[in-house]
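Here's the structure, in structure tokens; my notes come after.
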Amino acid sequence: MKNIGQTFQYIRTYWKDRKIASVTPSSSFAVRKICGKIDFTRDNVIVECGPGSGVFSFAILNQMSPGSKLILIESNRDFYEYLRRHINDARVFVFYDNAINLPCIVKQLGIGVVDYVILGIPFSFTDHELNHKIIAHSKGVLRKGGKLIVYQFSPRIKKYLKQHFEEIHTGFELFNVPPLIIFEASD
Ligand SMILES: C[S@@+](CC[C@H](N)C(=O)[O-])C[C@H]1O[C@@H](n2cnc3c(N)ncnc32)[C@H](O)[C@@H]1O
């Protein structure tokens with residue numbers, strides 16, 4: 001659930017960096033819907049790329065088991081520093097990096113495979129090559145039966161998902177500014 005501090009941090013960061021793509025963090029409706037796709041009854045390794053001020057990260061943290069791990073990869077320095085200041089939990093690893101480097105980060109942590117990758121990065125702002133690689137790299141770290149969850153303002157990323165995954169479910173969250181398209185991809 002987002003709090004006033006997260007929203008304030010978000011607006012301040014947006015003012016400096018329009019590439020973060022939205023003026024406000026995702027809504028609590030979106031957070032609930034996306035977290036509902038995660039099986040919190042078991043130990044998981046979850047990677048979140050583009051956590052921003054952490055609306056999903058905090059909700060995941062509140063629900064995940066003591067044996068789970070959460071890896072956050074954020075390319076905006078202000079958000080990275082905000083997350084470092086506000087998350088103090090041995091299950092969380094925060095990186096100031098680009099989602100493209102996801103496999104190296106996972107390897108560096110000595111983690112074999114990942115259960116869930118959540119991508120909140122604005123794919124409309126990145127080029128074809130990068131979109132393709134980020135989806136391929138996400139699939140590369142997922143265990144068999146693992147899930148890639150992508151939330152976006154536009155359906156543009158679907159064609160990339162189709163190239164890598166057999167099953168793609170599409171959903172929507174209208175109670176968000178702007179409304180979100182949510183893709184859930186697995187094999
Ligand atoms: C639309 S915001 C979503 C923020 C947050 N997850 C939320 O829902 O409120 C996109 C975030 O992705 C980050 N981002 C953009 N491109 C990225 C990349 N290639 N790797 C990692 N983070 C990226 C931005 O800095 C920003 O924090």
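FYI, it's all coordinate maths here, none of it is from the lab. Just so we're clear, the structure is a prediction, and the values are computed from it rather than from any experiment. Reconstructed Cβ throughout: ideal geometry from the backbone, glycine too, with neighbour counts over all protein chains shown.
Can you tell which of VAL106, VAL113 is buried (at least 20 other Cβ atoms within 10 Å of the Cβ) and under 22 Å from PHE40 (Cα atoms)?
On the way: VAL113 fails: buried (at least 20 other Cβ atoms within 10 Å of the Cβ).
After applying the criteria, what remains is VAL106.
Just wondering, is there one or more residues in the range 113-133 that are away from the ligand (no atom under 13 Å from the Cβ), part of a loop (DSSP other than H, G, I, E, B), at negative phi and over 14 Å from the mean Cα position of the chain (by Cα)?
yes
Going through THR7, THR24 one at a time, which residue ends up being part of a loop (DSSP other than H, G, I, E, B) and either free of Cβ contacts under 8 Å to residues at least 12 places away in the same chain or closer than 23 Å to LEU174 by Cβ (or both)? Lay out the reasoning, then the answer.
Values: THR7 fails: part of a loop (DSSP other than H, G, I, E, B).
Just a single option satisfies the conditions, and that option is THR24.
Take the range 157-178 and flag every residue that is over 19 Å from GLY145 (Cα atoms), exposed (fewer than 13 other Cβ atoms within 10 Å of the Cβ) and of a type outside the set (A, V, I, L, M, F, W, C).
LYS159, PRO178
Looking at the range 43-71, which of the residues that are near the ligand (Cβ under 9 Å from one of its atoms) and under 21 Å from VAL141 (Cα atoms) is surrounded by the fewest Cβ atoms within 10 Å (Cβ to Cβ)? So that I can check it myself, show each step before the final result.
Initial filter on the range 43-71 (near the ligand (Cβ under 9 Å from one of its atoms)): 48-57.
After this cut, where a residue has to be under 21 Å from VAL141 (Cα atoms) as well, the list is 48-51, 56-57.
Working: GLU48: 24, CYS49: 26, GLY50: 21, PRO51: 27, PHE56: 26, SER57: 25.
So the residue we want is GLY50.
How many residues are without any contact (Cβ under 8 Å) to a residue 12 or more places away in the chain and within 22 Å of VAL31 (Cα to Cα) when one looks only at the range 120-173? Full working, then the answer.
Restricting attention to the range 120-173, the residues satisfying the condition of being without any contact (Cβ under 8 Å) to a residue 12 or more places away in the chain are 126-129, 159, 162, 172.
Those left that are additionally within 22 Å of VAL31 (Cα to Cα): 172.
Of the residues in that region, 1 qualify.
Every residue, every condition in (1) more than 20 Å from GLU74 (Cα to Cα); (2) not basic (Lys, Arg), yes or no:
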position	(1), (2)
VAL117	no, yes
PHE123	no, yes
HIS132	no, yes
GLY140	no, yes
VAL150	no, yes
ARG156	yes, no
GLN163	yes, yes
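Mind listing whichever residues of the range 86-112 are hydrophobic (A, V, I, L, M, F, W, C), closer than 15 Å to SER68 by Cα and not in a strand (DSSP E or B)? It would help to see each step written out before you state the result.
So the first thing to find is which residues in the range 86-112 are hydrophobic (A, V, I, L, M, F, W, C), and the list is 87, 90, 92-95, 99-100, 102, 104-106, 109, 111.
From the residues that got through so far, the ones that are closer than 15 Å to SER68 by Cα too are 90, 92-94, 106, 109, 111.
Once the filter is applied, which keeps residues that are hydrophobic (A, V, I, L, M, F, W, C), closer than 15 Å to SER68 by Cα and not in a strand (DSSP E or B), the range 86-112 yields ALA90, VAL106, LEU109, ILE111.
Taking the stated definitions as given, is PHE40 away from the ligand (no atom under 12 Å from the Cβ), surrounded by fewer than 18 Cβ atoms within 10 Å (Cβ to Cβ), over 18 Å from ARG77 (Cβ atoms) and aromatic (Phe, Trp, Tyr)?
Details: away from the ligand (no atom under 12 Å from the Cβ): yes; surrounded by fewer than 18 Cβ atoms within 10 Å (Cβ to Cβ): yes; over 18 Å from ARG77 (Cβ atoms): yes; aromatic (Phe, Trp, Tyr): yes.
It is true that PHE40 is away from the ligand (no atom under 12 Å from the Cβ), surrounded by fewer than 18 Cβ atoms within 10 Å (Cβ to Cβ), over 18 Å from ARG77 (Cβ atoms) and aromatic (Phe, Trp, Tyr).
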